[in-house]
Amino acid sequence: GLIRGLEDKALPYSLDLSELKKGANVFTMDQDKLGMQGNYEVVEFSPPRLTVKADEMAEKILPVVAEYTGELDPDYELENSGAIPAVVLVRGAKGVLDKLDQARIQPVELDTDKPWEVRQDGVLDLPEEITVEPDVVEVWFRFRLKTTEVVFTLPLEVVNFSDYELEAAGPETVEMTAVVPLPMSREENLEEKFTARVVAENSAQAGTLE
């Protein structure tokens, strides 16, 4: 009955860490340091030694990296993203901090495939054994429509505000390259939304204007 009563108990063990050094520290288990009372006797420890790894404490400033998850409409793309603040201060064991070069945010899930701007508090995805200031950051994502180049051949329109008569103008057509949103590039008769125009201002002189 006594032994069964011990099975569910966590027995305290006193360990002196005052002489702890960086790296692996090996301690031989001593039955006198085990907090047992009553009619119990420790026969052996298994394992008989305890290894404690120690590292110096350090601080480090890390840039915050924001990420999202979710499917975007094929016409959309990420324009920019960031966090407020843009950096955080982390504290912990130097060996752990040396492996970190950025503070990543757990990916933010998009609630639409056609977003414009998303802002929310982000959860930092960092090892549990380190502390971070501040522990809450705001992340933001800005999206936009993809664009593409389209080429049109348009008739050249001449507007004459000068005091002279227009004898001739040329060429009759010009080639124009425009950058438009991807959905617009698929519209029928898109070229009808564009005009090629030359203006002869009222200060124009007689002769050939280029």
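The values are calculated or read from the model by the stated rules, or taken from the named source; none is laboratory data. Owing to the predicted nature of the structure, the values given are computational and were not obtained by experimental measurement. A quick note on method: Cβ atoms are made from the backbone with ideal geometry, for glycine too, and the neighbour counts reach across all protein chains shown. With ligands, DNA and RNA removed, areas are computed over all heavy atoms of the protein, side chains included. Shrake-Rupley method; radii C 1.70, N 1.55, O 1.52, S 1.80 Å.
Some observations on this one:
- Residue that is farthest from Gly23 (Cα to Cα) [pool: residues in the stretch 101-132 that are open to solvent by less than 30 Å² (accessible area, probe 1.4 Å) and not in a strand (DSSP E or B)]: Pro115
- For the stretch 149-192, a residue qualifies if it is surrounded by 14 or more Cβ atoms within 10 Å (Cβ to Cβ), at pLDDT 90 or above and hydroxyl-bearing (Ser, Thr, Tyr), and exactly one does: Ser185.
- If the condition is being open to solvent by 90 Å² or more (accessible area, probe 1.4 Å) and either closer than 30 Å to Lys114 by Cβ or at pLDDT 70 or above (or both), then the stretch 193-210 contributes Lys193, Arg197.
- Selection of the stretch 48-100 for residues being within 20 Å of Gly23 (Cα to Cα), out of contact with any helix residue (DSSP H, G or I) (no Cβ under 7 Å at 6 or more places or on another chain), open to solvent by 60 Å² or more (accessible area, probe 1.4 Å) and not in a strand (DSSP E or B) yields Pro48, Lys94, Asp98, Lys99.
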